[in-house]
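J.: Below is one structure. I have some questions about it.
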Amino acid sequence: MTGPGPQAPTGAPNPADDQKKESTRVTVLITGTRLYGEGDPVDVLIDGEVIAEIAPAGTLGRDEPGREVIEAAGTVLLPGLVDIHTHLREPGREDTETIDSGSAAAARGGYTAVFAMANTDPVADNAVVTDHVWHRGQEVGLVDVHPVGAVTKGLKGAELAEMGVMASSAGRVKVFSDDGHCVDDPLIMKRAMEYAKGLGVLIAQHAEEPRLTVGAVAHDGPNAARLGLAGWPRVAEESIVVRDALLARDIGTRVHICHASTAGTVELLRWAKSQGIDVTAEVTPHHLMLDDSRLETYDGVFRVNPPLREASDAVALRQALAEGIVDCVATDHAPHADQEKSCEFALARPGMLGLETAVSVIAETMVSSGLLDWRGVAKVMSERPAEIVGLADQGRPLEVGEPANLAVIDPDATWTVAGPELASVSDNTPFEGLELPGRVRATLLRGRPTSVDGEVRHR
Ligand code: DOR
Ligand code: ZN
Ligand code: ZN
């Protein structure tokens, strides 16, 4: 302590101090919500970082001093969502997104943990960058931002990055990916998977055989042919999916497939899982909801890698997610500047925003269609992703004593998506102007509300 100040108390503790501390303790009460959208409405009390009490609606005190009440009648309570695939663009492209703005988007979207891909500038292929991402995320404090490390130096696919150093440094890198690029050299991929096995980390593959996608900008089908766009065939994805599943089998390790986009990938995953191969996969909201008929207008906002496929692929992906053949949803949130999107389709940068619209797109494609109930949504957007990447404090059951990482969702509310109103720096949502069901009312990270009714609460 510096300078003169009040005398430090001596002797026995003053009970008045204790009482004061007690009375100003901040607690949060979520009233009238339904756990996983099931059963009778309950009140959920959060004290400190954990769920302290769950009781029938209307029975827990609302007027305690220091208590914030979140009126949540009609809502569904889920464990905080976990996005294992997002692009936050920091360092390097802070004009399109930052860890701060991306965290705000995540909080508004119901997320309590996200994994930030390594294709930043500089590339996150070393612990200086991955630790920066981790520390900056903690400083912002809206969502746990876990850095993804690159598999190869500079994402060049030639030389392995120092995975071990990244795995053991402050950011504790749990997932490695060259996303944006495929680790296409089978020998490099084999070595990476062997190292990953030893380190107990996950390799997430952007499955794209680059020799089959030279110049490709759209799904290789009748639409691309008619529109005169260079086609990206399904085999470019599927050939890598099967190769990596076989590598996982032979090495006796696991591999994760990013953004599965074809019906064929679903069948290969089904086969691999039936063989006991430890392969997991994610699907994006946009591949579940949209198809390549959107390309009609040549609007660059619909350019994405892998490309939007045919309606039959989207149907197969929805079914696969419901069945568990595709394990989870991941956004592949990919912000881009206006000038990178408002140009000739073939020149537009691939990628779409996803964090703030994900729950709504899943509500529309999976819940409204009857393919999943909200417990199923908890599984594919929180529990499974947390399990796949090995996060012990996320995707936990909604029970007393568990960490209060929570998402409060109004399943009946609808809203109209408008790019400029999203928290992201960029506006490139493919859902612009669309009315979607399911609004995130509140998100809590370790007991602290990070977003309430769209208002982001920085610490
Ligand atoms: O559409 C995409 N955008 N796919 C990727 O793999 C990379 C991402 C990006 O970084 O913009
Ligand atoms: Zn990718
Ligand atoms: Zn990506």
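The values are calculated or read from the model by the stated rules, or taken from the named source; none is laboratory data. All values derive from a computational prediction rather than experimental measurement. As a convention, Cβ positions derive from the backbone with ideal geometry for all residues, glycine included, and neighbour counts pool all protein chains shown. What goes into the accessible areas is simple: the full protein's heavy atoms, side chains included, and nothing from ligands, DNA or RNA. Shrake-Rupley method; radii C 1.70, N 1.55, O 1.52, S 1.80 Å.
J.: What number goes with the only condition from (1) within 30 Å of residue 158 (Cβ to Cβ); (2) open to solvent by 40 Å² or more (accessible area, probe 1.4 Å) that residue 108 does not pass?
T.: (1)
J.: May I pose another question? Kindly list the number of the only condition in (1) buried (at least 24 other Cβ atoms within 10 Å of the Cβ); (2) in contact (Cβ under 8 Å) with a residue 60 or more places away in the chain; (3) over 19 Å from the mean Cα position of the chain (by Cα) that fails for residue 125.
T.: Condition not satisfied by residue 125: (2).
J.: Just a yes or no: is a residue in the stretch 281-295 part of a helix (DSSP H, G or I), within 23 Å of the chain's Cα centre (by Cα) and among the polar types (S, T, N, Q)?
T.: no
J.: Just the residues that are open to solvent by less than 20 Å² (accessible area, probe 1.4 Å), more than 16 Å from ligand 3 (Cβ to nearest atom) and of a type in the set (Asp, Glu), please, taken from the stretch 268-306.
T.: 292, the sole residue that qualifies.
J.: Further question on the same structure: Restricting to the stretch 112-136, name every residue that is closer than 27 Å to residue 410 by Cα and away from ligand 3 (no atom under 16 Å from the Cβ).
T.: 112, 113 - these are the residues of the stretch 112-136 that are closer than 27 Å to residue 410 by Cα and away from ligand 3 (no atom under 16 Å from the Cβ).
J.: Could you grab me the full set of residues in the stretch 256-287 that are within 13 Å of ligand 1 (Cβ to nearest atom) and of a type in the set (D, E, K, R)?
T.: Of everything in the stretch 256-287, just one residue is within 13 Å of ligand 1 (Cβ to nearest atom) and of a type in the set (D, E, K, R), namely 282.
J.: Filtering the stretch 327-356 down to residues that are away from ligand 3 (no atom under 16 Å from the Cβ) and buried (at least 24 other Cβ atoms within 10 Å of the Cβ), which residue is nearest to the chain's Cα centre (by Cα)?
T.: Ranking the candidates gives 356 first.
J.: Is there any pair with a first residue in the stretch 56-73 that is at positive phi and a second that is open to solvent by less than 50 Å² (accessible area, probe 1.4 Å) whose Cβ atoms are under 8 Å apart and which are 6 or more apart or on different chains, and what are they?
T.: Going by the 8 Å Cβ cut-off, the qualifying pairs are 58/31; 58/32; 58/43; 66/27.
J.: For residue 196, state whether it is over 22 Å from the mean Cα position of the chain (by Cα) and either among the β-branched types (Val, Ile, Thr) or more than 16 Å from ligand 3 (Cβ to nearest atom) (or both).
T.: No.
J.: I would also like to ask the following. Which condition number in (1) among the β-branched types (Val, Ile, Thr); (2) touching an Asp or Glu at 6+ places or on another chain (Cβ under 9 Å); (3) closer than 30 Å to residue 188 by Cα is the one that residue 145 fails?
T.: Every listed condition holds for residue 145 apart from (2).
J.: Now for a separate question. Just to be sure before I move on: is residue 102 on the phi > 0 side of the Ramachandran plot, in contact (Cβ under 8 Å) with a residue 40 or more places away in the chain and not hydroxyl-bearing (Ser, Thr, Tyr) in the structure I sent?
T.: no
J.: Could you please tell me which pairs satisfy a Cβ distance under 8 Å, a separation of 6+ or placement on different chains, a first residue in the stretch 24-42 that is without any contact (Cβ under 8 Å) to a residue 40 or more places away in the chain, and a second residue that is in a strand (DSSP E or B) and polar (S, T, N, Q)?
T.: 41/33; 42/33
J.: Right, another one. Which one of 143, 128, 151, 123 is out of contact with any helix residue (DSSP H, G or I) (no Cβ under 6 Å at 6 or more places or on another chain) and of a type in the set (A, V, I, L, M)?
T.: Of the residues listed, the single one that is out of contact with any helix residue (DSSP H, G or I) (no Cβ under 6 Å at 6 or more places or on another chain) and of a type in the set (A, V, I, L, M) is 128.
J.: I'm trying to understand the selection: among the residues of the stretch 158-183, which are within 16 Å of ligand 3 (Cβ to nearest atom) and open to solvent by 10 Å² or more (accessible area, probe 1.4 Å)?
T.: Within the stretch 158-183, 180, 181, 182 meet the criteria.
J.: Out of the residues in the stretch 447-458 that are closer than 23 Å to residue 87 by Cα and in contact with an Asp or Glu (Cβ under 9 Å, 6 or more places away or on another chain), which is most open to solvent (accessible area, probe 1.4 Å)?
T.: Within the stretch 447-458, the match that is most open to solvent (accessible area, probe 1.4 Å) is 458.
J.: Working only within the stretch 315-326, note down all residues that are on the phi < 0 side of the Ramachandran plot and open to solvent by 10 Å² or more (accessible area, probe 1.4 Å).
T.: Passing the criteria: 315, 316, 318, 319, 322, 323, 325.
J.: Right, here's the next one. Out of everything in the stretch 199-245 that is outside any strand (DSSP E or B) and polar (S, T, N, Q), what residue ends up being surrounded by the fewest Cβ atoms within 10 Å (Cβ to Cβ)?
T.: 239
J.: I would also like to ask the following. Here are some residues: 315, 304, 329. Which one is within 16 Å of residue 427 (Cβ to Cβ) and of a type in the set (Val, Ile, Thr)?
T.: Only one candidate passes the filter, namely 304.
J.: Of the residues that sit in the stretch 427-446 and are within 22 Å of residue 31 (Cβ to Cβ) and of a type in the set (D, E, K, R), which one is least open to solvent (accessible area, probe 1.4 Å)?
T.: Only one residue tops the list, namely 441.
J.: Further question: Give the residues of the stretch 151-188 that are assigned to a helix (DSSP H, G or I), more than 15 Å from ligand 2 (Cβ to nearest atom) and not small (Gly, Ala, Ser), sorted by residue number.
T.: Scanning the stretch 151-188 gives 153, 163, 165, 166, 186, 187, 188.
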